[in-house]
1. Suppose accessible area is computed on protein heavy atoms with a 1.4 Å probe; arrange HIS136, HIS70, HIS130 from highest to lowest.
2. Figure the gain on full extension for CYS83 and ASN96 (residue separation times 0.36 nm, minus the Cα-Cα span) and round it to one decimal in nm.
3. For ARG101, what accessible surface area do you get with a 1.4 Å probe? Give it in Å², rounded to 10.
4. Using Cα positions and a limit of under 14 Å, work out the aspartates and glutamates in reach of LYS54, with same-chain residues fewer than 8 apart set aside.
5. What does the accessible area of LYS66 come to, in Å² to the nearest 10, when a probe of 1.4 Å is used?
6. Heavy atoms only, 1.4 Å probe, whole protein assembly: order ILE92, ILE87 by accessible area, highest first.
7. Just the accessible area for CYS45, please: 1.4 Å probe, Å², rounded to the nearest 10?
Amino acid sequence: MKAKCAKPSCGSTCAPAPAGCAAPAACAPGCAAPAPTSCATTKCCDVDPCEVAKLIYTSQTACYAKDRRHAIHKLGDKYNCVCSPEIMCAFIYALNDTDERVRLKAADEIGDQIRKHCCCSPEVVAALTHALGDCHKPVVRQATQALELCGYEVVEGNCDAVCSTSCAPGTCPGTAPAVAPAPAPMAPEAVPAPVPPAARKNSEYRQLFSFNN
């Protein structure tokens, strides 16, 4: 049997919620002052993990793209990344789907989760950054919006304005292509020094005597 979230009590602090509930342990210092919004409404994560697992499995293994897309859509509409953080893994996986409609839905659901629950993990940011290179422009647009919700500014690389050291030589407009330096002249091969005439003559005599013997 699942525990229910306890309502804030009129004491010095709000009573802590049972295990498994998302309520904070302490609220306002009394009932005279209004409790913060996060304490006034306590939200329990009443989620069926088996249904979440089934939808994730469908989103990754269904034969038809429409079924994979529908599973992603249902995961995003029915669940949230606070109570079910594993759905973000399913969305990241779907960003690599072969069908652009599935990738688009995944990028859209990631943006919705970030907008509502701020689930900007490093893995999500990395997946969205990779999606900026998607061949389907609507996917790129959704990924850009999601990254901007995470606080990033997405700009296109451009060498037109300023040619910094990051530009390869000769790649910026208005610059001449880099010319390869001329190869250095090769050193002449070493030539053995000439043998003096006297030494050459003695050598010939020795060879002659060796043949006669």
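The values are calculated or read from the model by the stated rules, or taken from the named source; none is laboratory data. Everything numeric here is computed off the predicted structure, so don't read it as measured data. Surface areas here come from the heavy atoms of the whole protein model, side chains and all, with no ligands, DNA or RNA. Shrake-Rupley method; radii C 1.70, N 1.55, O 1.52, S 1.80 Å.
1. My answer, sorted largest first, is HIS130, HIS70, HIS136.
2. 2.3 nm
3. 130
4. Correct list for LYS54: ASP67, GLU86.
5. Accessible area of LYS66: about 130 Å².
6. Final ranking, largest accessible area leading: ILE92, ILE87.
7. Surface open to solvent at CYS45 totals about 50 Å².
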